[in-house]
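A quick write-up on the structure given underneath.
Since every read-out is calculated from the coordinates, none of them should be taken as a lab result. Because the structure is predicted, anything quoted here is derived from the model rather than measured. FYI the Cβ positions are ideal-geometry reconstructions off the backbone, even for glycines, and counts take in every protein chain you see.
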Amino acid sequence: MKYFIIPSEFACKCGCGFNEMKPDFLAKLISAREISDVSYIINSGCRCETHNKAVGSSSKNHVEGRAVDIKAIDSQTRFKILKGLISAGFTRIGIHERFIHVDNMEVEGLPPKVCWVY
């Protein structure tokens, strides 16, 4: 199945309209979606500085358009998403019981090849 990016799915959830995802990140995310062969529901994409602070984050990965949180509703879906992300070349993944965070902030100096849990 062919998956496409719908720009509005990445807009800041506070309603401000901020939406500046990096093209290289989105290209890799499209590849991951196609490999996973499941729809990705984006819980959080871009965040403006105010919203980022409101959700308790000090990291800039969402603010810089280099991160998303993908809804993961069950273990089988989570496995498919992880397989797609890793196969597409993502090397920074955080796993929560309700979502998977992925970023490519290694380009900004954060360590690659890491996986953490929330």
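Count the net charge of all other residues whose Cβ sits under 15 Å from the Cβ of residue 10, scoring Lys and Arg as +1 and Asp and Glu as -1.
It works out to a net charge of +1.
Using a Cα-Cα cut-off of under 12 Å, which aspartates and glutamates could be cross-linked to residue 71, ignoring same-chain neighbours fewer than 8 residues away?
Here the aspartates and glutamates satisfying the reach criterion relative to residue 71 are 97.
For the stretch 7-97, divide the Cα radius of gyration by the Kirkwood radius and give the resulting Rg/Rh value with two decimals.
With Rh from the inverse mean 1/r over Cα pairs, Rg/Rh is 0.96.
Based only on other Cβ atoms within 10 Å, what is the fewest-to-most ordering of 101, 62?
The fewest-first ordering by Cβ neighbours comes to 101, 62.
Tell me which GluC sites (Glu not before Pro) from the stretch 60-117 have a DSSP coil assignment and no more than 14 other beta carbons within 10 Å of their own.
Within the stretch 60-117, the qualifying GluC sites (Glu not before Pro) (loop, at most 14 other Cβ atoms within 10 Å) are 97.
Quick check: net charge around residue 72, other residues with Cβ under 11 Å of its Cβ, Lys/Arg +1 and Asp/Glu -1?
+1
Fewest to most neighbouring Cβ within 10 Å: what's the order for 25, 79?
Going from sparsest to densest Cβ surroundings: 79, 25.
Hey, which aspartates and glutamates would be in cross-link range of residue 80, C-alpha to C-alpha under 14 Å, not counting anything within fewer than 8 residues on its own chain?
34, 37
What percent does the relative contact order of the chain come to when contacts are Cα pairs within less than 8 Å and at least six residues apart?
25
Can you sort 53, 80 so the residue with the fewest Cβ neighbours within 10 Å comes first?
53, 80
Among residues other than residue 93 whose Cβ falls under 12 Å from its Cβ, what is the net charge (Lys/Arg +1, Asp/Glu -1)?
+1
Would you list, by chain and number, the lysines whose Cα falls below 18 Å from the Cα of residue 60, excluding same-chain residues fewer than 8 positions away?
13, 22
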